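Engineer: Let me begin by handing over the structure; questions about it come next.
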Amino acid sequence: MTDLNRLIEQLGKLGTEQANPDTLDIDRLSPLEIARRINQQDQQVAGVVAEALEPISRAAETFADTLKNEGRVFYIGAGTSGRLGVLDAAECPPTFGTDPEQIRGVISGGYDTLVLSQEGVEDDEPAAVEDLKKHQFSKNDFLIGLAASTRTPYTLAGLRYAQSVGASTALIVCNRVTQLNAAPDILIELPVGPEAITGSTRMKSGTAQKMTLNMISTTAMVLLGKTFGNLMIDLQCRSEKLTARSSKMVMDLLDLPLDAAGDLLERADGSVKTAVVMHWHGCEREHALDLLREADGFLSRLTPLK
C-alpha cells in the first residue's frame, strides 16, 4: 500500500472527513438558509465538549500546577489548530497578567503561517522537535497538542519529544481515537462529527478546540488566584481600555472616586490586585506584594483590616 493510499484510508475513518447528510444541498440554498444550516451544526459543539469535562479539568489542573512550579505551558499544532493555540497563549497576559514567556504557542511553519497558510508544513516531524528545542523545552514544562484529526505528524512528533524528556502532555483531537502514534498523559476527544463543509475542520472542530482551550486556560487561572470572584483581578493597565476597566474595578470594589482609584493604581504599578490589598491594609506596594505571596496570590484569602 502506498503512502497516499494509506492516508486516504486514514482519512476515510475520520468523522470530520465524512459527508454531512444535513448539508448535502447547501450549494442550492439561500444565504439565510446556509447560515441556518451552519448554525444548526454549531449548536452540537457545546454538547460534545460537555462530554469531555473530566479530561479537560485534568488538563487545567496540570496547567496550573506547571505554572505554580515555575514550568511553562506550550501549545503545539498545525493550521487552524496551531493558530488557536497561539491565540490562547497570546490572550493570557492581557487577561490574567501572566508573563508572556509562561504560556507559548508553537505552530508548524512558524508565525508566518498565522496569516498565510503553508500547506505541507504539518507533515514536518523533525521541525516539531527543533521548534520545541528552540524554546529549551524541558521536563518541567507541559505540552498541549492540538489536532482536528488524530494523525497530524508535526503535532504528534512534538508530543513524542515532550514525553522523551519527561514532560507532561495532553492532546486535543476532534475525532474518536482508534490508533495513535503517541500516548499523551491526557487525551481530550471532541468527536464533532461531519463538518458542514466536508473536511473543513476550521468549523465545528475549530469551535470545539477554541471552547476547550478557553476552558483549560481560564480554569487554570482561577486555580492560580488570577480572579476575585469572577473579576479579572490580575488585570494590568497596559492600554486605554484596560486602564479604564482596571479603574472601574478598583472604584467598584473599594467605593472610590476616579481620581483616588487612579492614584492607587499608579502606586500599585498598574496592578488591580495589588491596589486592592494596598487599600485594604493601608500599606505600600512592596508590603502588599508580600501579603499576596503569603496568600499564594489569592485575593479572597486576604481580608480588609478594620
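The values are calculated or read from the model by the stated rules, or taken from the named source; none is laboratory data. Keep in mind it's a predicted model, so treat the numbers as computed, not measured. Neighbour counts run over all protein chains shown; Cβ positions are idealised from the backbone, glycine included. Only protein heavy atoms, including side chains, enter the accessible area calculation; ligands, DNA and RNA are left aside. Shrake-Rupley method; radii C 1.70, N 1.55, O 1.52, S 1.80 Å.
Engineer: Go through segment 150-160 and count every residue that is assigned to a loop (DSSP other than H, G, I, E, B) and in contact with a helix residue (DSSP H, G or I) (Cβ under 7 Å, 6 or more places away or on another chain).
Structural biologist: Number of matching residues: 2.
Engineer: Also: State all residues of segment 11-37 that are open to solvent by less than 50 Å² (accessible area, probe 1.4 Å) and either of a type in the set (A, V, I, L, M, F, W, C) or not in a helix (DSSP H, G or I) (or both); if no residue qualifies, say none.
Structural biologist: Selection gives L14, N20, D25, I26, L29, S30.
Engineer: Go through segment 45-139 and tell me which helices (runs of 4 or more DSSP H), entirely inside it, have 3 or more residues that are within 12 Å of the chain's Cα centre (by Cα) and surrounded by fewer than 21 Cβ atoms within 10 Å (Cβ to Cβ).
Structural biologist: The helices (runs of 4 or more DSSP H) meeting that bar are 79-96.
Engineer: Scan segment 178-199 for residues that are farther than 15 Å from L14 by Cβ, assigned to a loop (DSSP other than H, G, I, E, B) and either open to solvent by less than 30 Å² (accessible area, probe 1.4 Å) or charged (D, E, K, R) (or both) and report the count.
Structural biologist: 4
Engineer: Quick one: which helices (runs of 4 or more DSSP H) sit completely within segment 209-306 and have at least 2 residues that are open to solvent by 60 Å² or more (accessible area, probe 1.4 Å) and touching a residue at least 40 places away in the same chain (Cβ under 8 Å)?
Structural biologist: Those helices (runs of 4 or more DSSP H) do not exist here; none qualify.
Engineer: If you don't mind, another one. Please enumerate the residues belonging to segment 161-177 that are surrounded by fewer than 17 Cβ atoms within 10 Å (Cβ to Cβ) and either assigned to a loop (DSSP other than H, G, I, E, B) or charged (D, E, K, R) (or both).
Structural biologist: Of everything in segment 161-177, those that are surrounded by fewer than 17 Cβ atoms within 10 Å (Cβ to Cβ) and either assigned to a loop (DSSP other than H, G, I, E, B) or charged (D, E, K, R) (or both) turn out to be V165, G166, R176, V177.
Engineer: Which of the residues belonging to segment 111-153 are at pLDDT below 90 and of a type in the set (G, A, S)?
Structural biologist: Selection gives S117, G120, S149.
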